[in-house]
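Scroll down for the structure; my scribbles are underneath it.
The values are calculated or read from the model by the stated rules, or taken from the named source; none is laboratory data. The structure displayed is predicted, hence computed values, not measured ones. Glycine gets a Cβ as well: all are built from the backbone with ideal geometry, and neighbour counts include every protein chain shown. To get the accessible areas, we keep the full protein, side chains included, count just its heavy atoms, and leave off ligands, DNA and RNA. Shrake-Rupley method; radii C 1.70, N 1.55, O 1.52, S 1.80 Å.
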Amino acid sequence: GAEFIDSYVFNQVEHIRFNSTVGKYVGYTEHGVYNAETWNKGSVLAQELGALERYCKPNAAILYSAVLDKT
């Protein structure tokens, strides 16, 4: 299956990531952990999950085929 990852990087350090397999945000720095906890409780997570359902899942097969056609 496909996995959607949305990473937030600043100065080449990944601070926070949404991973569709995990289904929530995970923080990798002190600031990232704080934001992940906040985002997972509020509307930010709902928006990310909505984008996953609206855009990623319906278009995954199309995008995957496009990649395979170029290899």
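Close contacts from the stretch 48-71, counting a first residue that is free of Cβ contacts under 8 Å to residues at least 40 places away in the same chain and a second that is not hydrophobic (A, V, I, L, M, F, W, C), with Cβ to Cβ under 8 Å and a gap of 6+ residues or different chains, come to 49/23.
Could you run through the stretch 46-71 and say how many residues are among the aromatic types (Phe, Trp, Tyr) and either farther than 12 Å from residue 2 by Cβ or open to solvent by less than 70 Å² (accessible area, probe 1.4 Å) (or both)? Adding up the residues that qualify gives 1.
In the stretch 1-25, what residues are among the small types (Gly, Ala, Ser) and closer than 16 Å to residue 53 by Cα? Spell out how you get there, then give the answer.
Filtering the stretch 1-25 down to residues among the small types (Gly, Ala, Ser) leaves 1-2, 7, 20, 23.
The answer is 1, 2, 20, 23.
Residue count for the stretch 1-45 under the criterion of being among the charged types (D, E, K, R) and either open to solvent by less than 60 Å² (accessible area, probe 1.4 Å) or assigned to a strand (DSSP E or B) (or both): the result is 4.
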